[in-house]
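Participant: This is the structure I have questions about; it appears just below.
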């Protein structure tokens, strides 16, 4: 005979044996005693809280001719047949396997047949949330016109997935999570009945690890029993549940509280090498912190015995950290718990988490990623004040280095010798060169753009691999007979490209080869493009004041030789002052709303629509197709 | 590796095999188990050992003899009373476990016991998992179900609560390193590899044609660029990493490497310098420098960014996009120095 | 292993075994066909794990012209092997396993060499124990299957009901099937059965259908043997094994009422024709029910049905006997049709208790041995 799991042997057969659901069971018993039976019930609640057991007990109680005080006798043929799952009139259906419209229609049709043996036909539909929408509709029809002497019991762990139209037609019972106390008591009862020795602490560990599921608790208990010869020991319970001892939790918590990240990481390492379960650890830590929090509020709020710690432990723990920090810790833990659900390598998450929790201080320091730059400037390593000339030097170096790299990539096609001391480059700001853009825009036509789009791939083939990769996230957005405007999805890449003279030269060279005429390439960051275009329309309207050969503008530097870089940088210098807000985007002459298609600055002239029709529509049509996938700020 | 399966199970998970032996001796084998452990931890080996042990005609000292007809057929995958299911694609769908359900309702073909082995139990769709609930809850006598998963929390809680969960013990770092050393995998790669997997076999696969060496170098170079806020890293995504990312598994390895190298950087910044705790030991100097260069908050943010991207492949986001976007966000984070 | 055999005769036995072989299988070796050769003859085996068919070719049977040179065993890929044998040129074919698991197939000038597998890896079948078998006349078994298999459930939700529950106790064989809305039960008293043989098994309806098709081709009696997990039927030179369903079959004996308040006797064929007419309309309505009105005082039995969109039908039914209380009862005409067809041309007695209780149909003669039970539909 094979071994029977405890949860099967000790499955409740009477309402009285259902643990932790007194309100539900009392109501159901009353319904049977007073013969006020509804035709449809919804049993909702987490796994292992007794939904299906209650449904079967209810099926017995309504059909049992010897029921007493609302409880089934469990002796008569009907009761026993239901217990064994042999009664044709009690139909258990798992909605996961039978979730289609056809299956539910079939139930609907078959429900009309009179019961064969019992008084009531009882349909128990388990995991009812798995039904398809169509199936729910079919079920709804049945619930709207319930056949007499038919009872539907819908059971689900996820009631929020059930349509309201269904919920409004059933009597709903919410099964509660089994409290640790109830699970503890039930295990104690079972072990006493089985005459098995146990350590109460072990039962508490199991009760807490079961997370509100009685079946979980009994499965774990089974496992602990299989470990040791018919005795429930604390060590085995910790091993089976993957729980960390309270002492270790306490140590870790205090290290967090004292911001000792290295120590906390050591403790974390010990926990992980012992093979403890990451998820379980997070859960344990959350309930640990919750207990501390409650204790802070009032020591009466928790049962110290159930936590496995002593009163003085709680005193020191709750003194160590403020409530605000505790709340923030719990927030972080909740977040990481969600993320960790999808990983097979929890270690890194736990290490990052450890560092993060150590960072939590009582001062209001927002810990979320966006706020990082504002946080704690003093912690920054000392940097030379980025004065204009320093920036110029850096820029020069970087440009040079990029060029070198590209050169090396061209020749070696592979590994780059790493420069040991790289200058730290910060806040290079490259301006959008309106002087070059406007002429192109002024003469832009849709035809030219289409032409360039067709040539784009060919042009790319003339470039080196790194150059192509830079252009990977760019697109031509407007073109005239003599030039093209290329928009970059990311401001960073725009900067990179604008300062890369080789790139521009290569692109222009390629176009010249392909088209037979001299051709100019200008870059814009994509998020500025709509604004630039619109400003152009507003500023210029009909008159195209700027000549199409945009070489006359002051800041034509980027496309000329590298020696001109300094002048370009000079233009950009003010932007690199530390006083300027650290926006990664290059500043524009006007303050552009990111997607300001409609409302430009009020002092500008209204657009002369007729004149600007051609480039604008062309650009607009194009722009409409471009969906910015990543918000770059 | 011509190692016998039961020896492998024993070597990988000695405590668990010993425990199962004890349970079998007491005739207390439960009807459903969930084996949890990373790749290479020996879940399948233990499951196979248990299959051999249950069916073997002449077990000796609690071990299957591996020579009897039963053992032979199990080893060749032809035993009619051992039913297996595994994810062929990314999921195990309802249709794919239909034969499993059919088998649950039928008698064993030969003896009085049947064993079901469901690999990748976390990959069952909710529908598939739910439709197994009834069978897993109360199978007939002599029916045993073993479910295997690398990720326990992705297994439906209602499934989990019907099983006894057995966590594979983590393999000892030193053991793993020794095994990899025996396979003549260079030290630098060994150290990195054990940060990604416990499976020696997997590392061997990665090392074929020198791929892993290139991957480690590529990610290190990318790291060196990106950690300097250098947009050259962006170029390196295409010139180095994309070329290495030839299939989905390799893409995932590259993403995992990226996570791992930043994890090392974070640990170094927190004063962990014990080389036994780190993987990219060659970059330790650079990491040390970063600690002085950036705030903890910045490094933390970067580490979190690398964690966020790891599951994107599963959502069918293109590898190049993932890493390019990550590069940009890291550079943004690192460049955004207190500019208020 | 080496033998030579008459090709056409061999092919007919191959075809027999191929009925059990499916290309879709989770056990790789089951795509193969097992051959075991010894001095006595050849045993061919094919299986899809649910059913297994063995064909025994006896060396003594001159039809096969069998010469065995070397005994042995092998599993060959079934589909290829049978296609090859069918297309060979000569009247004779020689099959020889040379080295390992490779088979040479020669016929006339053609020679194939195909790879096989170790016969040891094929599923092991229960031993035939002749002292534990019972014998059923061929036509009786066919009738038992025909009469019960109609009530087998086609629903996946209760897999146990997809089988026929067959018990043997004190020489009485009982076969029951129910889909929980109707039930068919057939009893057969076996005379010369050893009282020591009892069994209680659930056989998949699918297997029984397959078996029924195969025993139609022969006229020998069928020997039945139940083992721990399979049931075996032996007829002619064929062994047919089926796996069993596991679980508790519903307790059906209490379902069949032993008293009746209203009874009617009528001709099955005539009544069937009336039901078929009435169902022309009932099928059009969502309910699909036919109403039967019984009025013993006026000696009136009427069936009626209606479809709101199309119209109504009423027909008086001729009876040979009618007793008891007045009753109106509705039921699914398909169930009634299936039941009446299973009776053939005979008089049936239908016994009712109330409008909401299942009613039974039995043949007026031999009413003990066959009963069909139908659950009415509530229409109010």
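Bear in mind these aren't lab numbers, they're just calculated from the coordinates by the rules spelled out. As the structure is a computational prediction, the values presented were derived from the model and not from experiment. With ideal geometry, Cβ positions are generated from the backbone for all residues, glycine too; neighbour counts draw on all protein chains shown.
Participant: First obtain the Kirkwood hydrodynamic radius of chain C from its Cα pairs, then insert it into the Stokes-Einstein equation at 37 °C and 0.692 mPa s, and state the resulting D in µm² per second as a whole number.
Facilitator: Calculated translational D: 139 µm²/s.
Participant: I would also like to ask the following. Report, to two decimal places, the Cα Rg of chain B normalised by 2.2 N^0.38 Å (N = number of residues).
Facilitator: Cα Rg divided by the expected 2.2 N^0.38 Å: 1.15.
Participant: To test your reading of the geometry: what angle, between 0 and 90 degrees and rounded to tens, separates the Cα axis of helix C:333-343 from the longest principal axis of chain C?
Facilitator: Tilt relative to chain C: about 60 degrees.
Participant: Right, another one. Under a 10 Å cutoff between Cα atoms, tell me which one of C:47, C:321, C:330 has the largest fluctuation in the Gaussian network model of chain C.
Facilitator: Sorting by GNM fluctuation, first place goes to C:321.
Participant: Turning to a different aspect of this structure: Indicate, rounded to the nearest 5 percent, the antiparallel portion of the DSSP beta bridges found entirely in the protein assembly as shown.
Facilitator: 70
Participant: Using a Gaussian network model of chain B with C-alpha springs under 10 Å, which one of B:69, B:245, B:102 is most mobile by mean-square fluctuation?
Facilitator: B:102
Participant: Right, another one. Treat the count of other C-beta atoms within 10 Å as a stand-in for reagent exposure and order B:27, B:311 from fewest to most.
Facilitator: The fewest-first ordering by Cβ neighbours comes to B:27, B:311.
Participant: Hey, rough spin-label estimate for residue C:223 and residue B:26, points 7 angstrom out along Cα→Cβ, what's it come to in nanometres?
Facilitator: Reported label-point gap for residue C:223 and residue B:26 is 4.8 nm.
Participant: I've got another one for you. Can you sort A:204, A:10, B:49 from fewest to most other Cβ atoms within 10 Å of each residue's own Cβ?
Facilitator: By the 10 Å Cβ count, ascending, the order reads A:10, A:204, B:49.
Participant: Distance from the Cα centre of region A:524-539 to that of region C:123-198, in angstrom?
Facilitator: 85
Participant: Along its three principal axes, how long is region B:71-124 when you only count alpha carbons? Whole Å, largest extent first please.
Facilitator: Over region B:71-124, Cα extents along the principal axes are 33, 25, 14 Å.
Participant: Roughly how many whole Å is it from the C-alpha centroid of region B:143-204 to that of region B:69-90?
Facilitator: With region B:143-204 and region B:69-90 each reduced to a Cα centre, they are spaced 21 Å.
Participant: Related question: In vacuum, with every alpha carbon of region B:260-317 counted as one equal point scatterer, what does the Debye formula give for log10 I(q)/I(0) at q = 0.12, 0.22, 0.27, 0.31 Å⁻¹? Two decimals, please.
Facilitator: Debye intensities relative to I(0), on a log10 scale: -0.31, -0.80, -1.04, -1.25.
Participant: At residue B:95 and residue B:187, where each label point lies 7 Å from the Cα along Cα→Cβ, what is the point-to-point distance in nanometres?
Facilitator: If labels sit at residue B:95 and residue B:187, their model points lie 5.4 nm apart.
Participant: A follow-up question, please. Fully extended, how many nm does the chain gain between residue A:515 and residue A:145 (0.36 nm per residue separation, minus their Cα-Cα distance)?
Facilitator: That works out to 125.6 nm of additional length.
Participant: Something else now. Starting from one equal scatterer on each C-alpha and no solvent at all, send me the Debye-based log10 I(q)/I(0) for region C:20-96 at q = 0.14, 0.15 Å⁻¹, two decimals.
Facilitator: Debye output, listed in q order: -0.49, -0.57.
Participant: If contacts are Cα pairs under 8 angstrom and at least 6 residues apart, what is the relative contact order of chain B in percent?
Facilitator: 16
Participant: Next question. Would you mind listing how long region A:226-272 runs along its three principal axes, going by Cα atoms, in whole Å with the largest first?
Facilitator: Reported extents, whole Å, longest axis first: 44, 16, 10.
Participant: Using a Gaussian network model of chain C whose springs link C-alpha atoms within less than 10 Å, name the residue from C:158, C:357, C:19 with the highest mean-square fluctuation.
Facilitator: With Cα springs under 10 Å in chain C, the top fluctuation among C:158, C:357, C:19 is at C:158.
Participant: Checking the a/c ratio against 1.5 first, then a/b against b/c, what shape does the Cα gyration tensor give for region A:459-547?
Facilitator: Oblate.
Participant: Please compute the contact order of region C:90-193 in relative form: average sequence separation of alpha-carbon pairs under 8 Å and at least six residues apart, divided by the residue count, as a percent.
Facilitator: Reported as a whole number, the value is 16 percent.
Participant: Taking a ≥ b ≥ c as the square roots of the eigenvalues of the Cα gyration tensor of region A:79-132, is the shape rounded (a/c under 1.5), prolate (a/b larger than b/c) or oblate?
Facilitator: oblate
Participant: Can you tell me the orientation of helix B:296-308 relative to chain B, as the angle in degrees between its alpha-carbon axis and the longest Cα principal axis, to the nearest 10?
Facilitator: 40
Participant: What's the angle, to the nearest 10 degrees (0 to 90), between helix B:319-335's Cα axis and the longest principal axis of chain B?
Facilitator: 50
Participant: Further, regarding this structure: So, in nm, how far is label residue B:204 from label residue A:65 when the simple model puts each one 7 Å beyond its Cα toward the Cβ?
Facilitator: So the two model labels end up 7.0 nm from each other.
Participant: Once you have the Kirkwood Rh of the protein assembly as shown from its Cα pairs, apply Stokes-Einstein at 25 °C and 0.890 mPa s and quote D in µm²/s.
Facilitator: It comes out at roughly 65 µm²/s.
Participant: Averaged across orientations, what area in nm² does the convex hull of the alpha carbons in region C:105-151 project?
Facilitator: 8.1
Participant: Related question: Given a Förster distance of 41 Å, report the FRET efficiency between residue B:86 and residue B:213 from their Cβ-Cβ distance, rounded to the nearest 0.05.
Facilitator: 0.85
Participant: Can you compute the FRET efficiency between residue A:196 and residue A:279 using 1/(1 + (r/R0)^6), with r the Cβ-Cβ distance and R0 = 35 Å? Round to the nearest 0.05.
Facilitator: About 0.75, to the nearest 0.05.
Participant: Further question on the same structure: Restricting to Cα pairs below 8 Å that are 6+ residues apart, what does the relative contact order work out to for region C:2-121? Please round to a whole percent.
Facilitator: 29
Participant: Indicate the gyration tensor shape class of region A:180-241 (rounded, prolate or oblate), computed on the Cα atoms with a ≥ b ≥ c the square roots of the eigenvalues: a/c under 1.5 is rounded; otherwise a/b larger than b/c is prolate and the rest oblate.
Facilitator: oblate
Participant: Using the number of other C-beta atoms within 10 angstrom as an exposure proxy, rank C:69, A:496, C:96 with the fewest first.
Facilitator: Lowest to highest Cβ neighbour count: C:69, C:96, A:496.
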